[in-house]
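A.B. asks: Right, I'll just put the structure down here and ask away after.
Only the coordinates and a few stated rules stand behind these numbers; no lab work does. Quick caveat: nothing in here was measured; it's all calculated off a predicted structure. Positions of Cβ are backbone-derived with ideal geometry, glycine not excepted, and every protein chain shown enters the neighbour counts.
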């Protein structure tokens, strides 16, 4: 009997969300909360503070989608996922989307049945070593012990790279960045490998960041993108175009500060389409007119997000590099809003 | 008349020889009985002294107030010299709330606290038999109350759920006259009907009249010892009925039910808890209707219940095996039905015998709650410690958090094991 | 079961399915079967629907695909070109390896502690009590983390062994180095090795086989020699000394074999970032092994203590009264009885130890859970298949141990009358 009690209690409190298998959009709207899978803790990209409030680059994309869909950037439940659990929690429906430095690869898209919506960060895998080691190139790492996160593309790239250069190494598998940091700082591995952005983020949390160097070799392409389940095209479109809206906003010079004035400028057709003052693009996504405006107002445009969370003026200190707008030498290129 | 040749007063006892009394005798008998014995004593004492000498300065140089590990070390160096090392309890001072409550909203700490106190009150009538039996009604209603306090939401939902039990019970008493089997069926139907069709509107209506709501706290905010205790207590409370059923099933005359129980118990006992937790986190939603997802903490509680139920079944089976056949035969001879015999004769004795075993299952379960870290829940050992060490201020601190949470675990588990020993002794005297 | 049931065995009427105790059993079982079938069917149906919706069909083919990742500790040959199946096998072997070692060392430590706790020496018995109570009342996970932390944070990094004036020293005449990554041990080598035999799954060292064969032969030879001594004793009343032959067989023969094969130890050498040559036993392995040993030993100690206390004093006294010497009393009277009490719970502790070895995940020891249930699961996304295989593997280990336990129980059970 007591078991029944808990089942019923669960149902009543809304923790069991049974839905007649509808689209993700309807699920999210009915629930009133967006379940967003994020990293368990990667400074700058997604980490909870001491009170459990989440912030960071990836987290901002969750909030943008929540603002676009639900009208409130705080209506997000952040589900911390490790490299191991992220895709299963997406596949099992525990989360509606993943905004968690995940690389877009062929196998993941086709074998794991995932849809990567649009790259929001172009990255590449690198190595970090203590300066004292006296290593200046990844090619000098013959025989080294290397810390690598499990369940990521990183460990496959690592294996490939060392094989390609005919070198030997010993992997130390770790589960989270916090664990990796402990191991690396204790000297249990010579080098730490992950995406270059992750290395910078990790180094920023060290007591003496200057004692560590990131080696010049970038051994892989890592286009990081938010992920949704395959098969729900409407939901994929919503997430994809929310990302594009943030990128487009930067290109058009729309910021969270000037968005109200900008949305009044009806003589600018591109702006009017994006911000919903003229066309109703949102309707085709199953949203209202001002979806993009809300998303931008909530978290700022792509450039603002970047600068506020991982940019040059933050402890992470990443340069825009590949992630600058396409007309400024980068790869950030929003598809046209027509 | 006095007789001169025997003494009327006692001789004062003579002091035993020097080697046979006091500390010297004790030392000789207990520490230096033989050469090997002396050697072992010396080695043992040397180890103790060495440990104390190693650890004492560290404990003596404790720092309680600091904002970061670096500051802590500065204070130690300034106060006790540059080579001194000291414990930095400031990390506990700063972050104790996360160890106890995880990321539970700070202004709502009174809720789990109250729930904990009320839980103790709910356990009292189960542990102390001389309390009035009416209190058991409160114990039965407690799960709903505790759930409401910890997770929040509207209290009427809980009332509506309890209403289902009332509906079932009413139906049962009404139909009982006709047939007991039928009554059970009707009661289940009535309760299900209530929950499926009436509970939601009733909740809505009541909430509209008087919204008794607490802020909803999502499960991912739970962590630390709060999570451990919730998982541990739920696991033990729900696994007890499951364990009783399984143990009865395993001893049943009906081959089908016996086989099922044996398979269930052995399979669950044969796999590590971690694989069950993985199942909870990765696979459970595959086995539910498409689109159903529910809270990870609840999934973990379900798996822990199943796991501990299988162990509980074996503990209770041990108790059942210890009951003499005569008891079964006497119950049969009195014309009691199977369930009457179990309820009135067998189970009270079997459970009493198994209490120490049940307590040690609980200790094991409570220790095993730390494994929730493997499904990314914030357990007090590794989950919270990783979160604390992940912050720039406390990176590199490792002894203090482990000692702190280890000590709390020790107090809980040691206390419970002593309680179970006390029970064992107490039960031994009045039994056989 | 009882006589009261038998009269109803006569004619069968439909109503008896509800009213007769005998037939009601069938009714209940039938209903139970329907409910069980319904529940299982429901779960299976949901699973099929869900997998269908996600477009994933259960398929174990991934086990034959290239794994692509490396494993830090492997007892059989494995590279990143090997298959996922082989990676799982590496993990399984690692699990078994640490479990078996753990069982052996936990038994030794547990027996020692259990006996010492019964010692009349106050200091020792108290120390042992403190050890047992402290260790078993704190979660194993904590001990693993603490031991691992001590091993990684208080030992020198390998590069401190480098150079002409290293800051860290190797032990045992430059043979052993304890570092914060691994313990570098010398490896046994043979100048005139017999080579290996490839069994398909793994290589078997013929040198090791030869050594085992020699020891087995020694045991057999020793037994034969003792039997002969026995016969001589029966016939003449004087027992010839057996120990020279025993010594020769057990020490002389293996030493002769090793000398013939050219046995020597090859010490690890610091080269580049790490030691090379020798055996590098990773710290996670040591942490897991020590942790499991120290933790399980406390339970074994209590079992041993209870076992010894369970043999009544009268048994010892009777044996002594019969003229048995103390050693014989222990060997022939006390031990067999204590063992009957000790072994069943001891084996269930072995089972617990094996299951607890899954905590390896917390300290990155590559056990079955880390390879099959970790990296392979992630790289392939085959959660259902991986977890199922993992459960089956543990279930198989448990069953083997249970069967062994039941066989033992049967062989030592008191013949009750």
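A.B. asks: For a footprinting-style exposure proxy, rank C:275, B:116 by other Cβ within 10 Å, fewest first.
C.D. replies: B:116, C:275
A.B. asks: Compare the peptides C:112-120, B:269-277 by average per-residue count of other Cβ atoms within 10 angstrom and give them in order, highest first.
C.D. replies: Top to bottom by mean Cβ count within 10 Å: B:269-277, C:112-120.
A.B. asks: Rg/Rh for segment C:187-265: what does it come to with C-alpha atoms and Rh from Kirkwood?
C.D. replies: Dividing the radius of gyration by the Kirkwood radius yields 1.18.
A.B. asks: Counting partner chain Cβ atoms within 10 Å of every residue's Cβ in B:103-112, what's the average?
C.D. replies: Partner Cβ neighbours, averaged per residue: 1.
A.B. asks: Given the Cα atoms of chain C, and with Rh set as the inverse mean 1/r over their pairs in the Kirkwood sense, what is Rg to Rh to two decimals?
C.D. replies: Checking Rg against Rh, the ratio lands at 1.06.
A.B. asks: So what's segment B:12-130 giving for Rg/Rh, alpha carbon basis, Kirkwood Rh from the mean inverse pair distance?
C.D. replies: 1.27
A.B. asks: How would you order A:312-319, C:151-158, B:316-323 from highest to lowest mean count of nearby Cβ atoms within 10 Å?
C.D. replies: C:151-158, B:316-323, A:312-319
A.B. asks: Rounded if a/c is under 1.5, else prolate if a/b beats b/c, else oblate: with a ≥ b ≥ c from the C-alpha gyration tensor eigenvalues square-rooted, which is segment C:303-377?
C.D. replies: It comes out prolate by the Cα gyration axes.
A.B. asks: What does the highest-first list of A:205-214, B:208-217 look like by mean Cβ count within 10 Å?
C.D. replies: With the highest mean Cβ count within 10 Å placed first, the list reads A:205-214, B:208-217.
A.B. asks: Work out, step by step, the length gained on full extension between residue C:339 and residue C:324: first 0.36 nm times the residue separation, then minus their alpha carbon distance; give nm to one decimal.
C.D. replies: The span from residue C:339 to residue C:324 would gain 3.5 nm if fully extended.
A.B. asks: Right, next: Hey, could you get me the Stokes-Einstein D for chain A, Kirkwood radius over alpha-carbon pairs, 37 °C and 0.692 mPa s, rounded to whole µm² s⁻¹?
C.D. replies: The diffusion coefficient I find is 156 µm²/s.
A.B. asks: Give me the Debye-computed log₁₀ of I(q)/I(0) at q = 0.12, 0.18, 0.19, 0.21 Å⁻¹ for segment A:125-220, equal point scatterers on Cα only, no solvent, two decimals.
C.D. replies: Results for segment A:125-220 at q = 0.12, 0.18, 0.19, 0.21 Å⁻¹ read -0.30, -0.73, -0.82, -1.03.
A.B. asks: Still on this structure, please answer the following. Could you please rank C:72, C:348, placing first whichever residue has the fewest other Cβ atoms within 10 Å of its Cβ?
C.D. replies: Ranking C:72, C:348 by Cβ neighbours within 10 Å, fewest first, gives C:348, C:72.
A.B. asks: So the label point goes 7 Å from the Cα of residue A:207 along Cα→C-beta, right? Which residues of segment B:384-405 then have their backbone N under 15 Å from it?
C.D. replies: B:389-400
A.B. asks: Taking the protein assembly as shown on its own, what percent of its Cα-Cα pair distances exceed 50 Å?
C.D. replies: The calculated P(r) of the protein assembly as shown puts 36 percent of pairs beyond 50 Å.
A.B. asks: Could you calculate the FRET efficiency of residue C:247 with residue C:162 from 1/(1 + (r/R0)^6), where r is the beta carbon distance between them and R0 is 45 Å, rounded to 0.05?
C.D. replies: 0.50
A.B. asks: Against the globular-protein guess of 2.2 N^0.38 Å, express the Cα radius of gyration of segment B:218-380 as a ratio, rounded to two decimals.
C.D. replies: Normalised by 2.2 N^0.38 Å, the Cα Rg of segment B:218-380 equals 1.17.
A.B. asks: Within 10 Å of each Cβ in peptide A:91-98, how many partner chain Cβ atoms are there on average? Round it to a whole number, please.
C.D. replies: Across A:91-98, the average partner-chain Cβ count within 10 Å equals 5.
A.B. asks: Moving on to the next point. Tell me, Kirkwood radius of segment C:41-165 from alpha-carbon pair distances, in Å?
C.D. replies: Computed over segment C:41-165, the radius equals 20.2 Å.
A.B. asks: How would chain B be classified by its alpha-carbon gyration tensor: rounded, prolate or oblate, with rounded meaning a/c under 1.5 and the a/b versus b/c comparison settling the rest?
C.D. replies: The shape class here is oblate.
A.B. asks: Suppose the chain between residue C:224 and residue C:36 were pulled fully straight at 0.36 nm per residue; how much longer would it get relative to their current alpha carbon spacing?
C.D. replies: Between residue C:224 and residue C:36, full extension yields an extra 61.8 nm.
A.B. asks: What is the Cα centroid distance between segment B:67-118 and segment A:112-129, reported in whole angstrom?
C.D. replies: Answer, in whole Å: 37.
A.B. asks: So how much slack lies between residue B:6 and residue B:29, counting 0.36 nm per residue of separation and subtracting their Cα-Cα distance, in nm?
C.D. replies: Here the segment from residue B:6 to residue B:29 would lengthen by 4.5 nm.
A.B. asks: May I pose another question? Pairwise over distinct Cα atoms, reciprocal of the mean inverse distance: report the Kirkwood radius of segment B:242-329 in Å, one decimal place.
C.D. replies: 14.4 Å
A.B. asks: A further question follows. Per-residue mean of other chain beta-carbon atoms within 10 angstrom of the beta-carbon, peptide B:252-262?
C.D. replies: 3
A.B. asks: Separate question: Just from its helices, what would the mean residue ellipticity at 222 nm be for the protein assembly as shown, if runs of 4 or more DSSP H residues each count -39500 (n - 2.57) and the sum is divided by every residue, rounded to the nearest 500 deg cm²/dmol?
C.D. replies: Taken over the protein assembly as shown, the calculation gives -18000 deg cm²/dmol.
A.B. asks: Provide the FRET efficiency to the nearest 0.05 for the residue B:127-residue A:266 pair, computing r from the beta carbons and using R0 = 60 Å.
C.D. replies: Once rounded, the FRET efficiency stands at 0.20.
A.B. asks: Under a plain spin-label model, where a point goes 7 Å from the Cα along Cα-to-Cβ, how far apart in nm are residue C:133 and residue C:176?
C.D. replies: Those two pseudo-labels are separated by 3.3 nm.
A.B. asks: Okay, next question. Among B:425, A:86, which comes first, second and so on when ranked by fewest other beta-carbon atoms within 10 Å?
C.D. replies: Starting with the residue having the fewest Cβ neighbours, the order is B:425, A:86.
A.B. asks: First measure r as the distance between the Cβ atoms of residue C:150 and residue C:232, then evaluate 1/(1 + (r/R0)^6) with R0 = 51 Å and state the FRET efficiency to the nearest 0.05.
C.D. replies: 0.35
A.B. asks: Nearest 5 is fine: what % of DSSP beta bridges in the protein assembly as shown come out antiparallel, could you say?
C.D. replies: 65 percent
A.B. asks: Counting only DSSP beta bridges with both residues in segment A:125-220, tell me the antiparallel percent, nearest 5.
C.D. replies: 45 percent
A.B. asks: Would you mind computing, in nm to one decimal, how far apart the modelled labels at residue B:208 and residue B:322 are, each placed 7 Å from Cα along Cα→Cβ?
C.D. replies: Result for the modelled spin labels: 5.7 nm.
A.B. asks: Still on this structure, I have one more. Please report, to two decimal places, log10 I(q)/I(0) for segment A:100-154 at q = 0.13, 0.14, 0.24 Å⁻¹ as given by the Debye formula with identical point scatterers on the Cα atoms and no solvent.
C.D. replies: Rounded to two decimals, the profile gives -0.51, -0.57, -1.02.
A.B. asks: Okay, moving on. Between residue B:414 and residue B:93, how many nm apart are label points set 7 Å from Cα along the C-beta direction?
C.D. replies: Using points 7 Å along Cα→Cβ, the separation is 2.5 nm.
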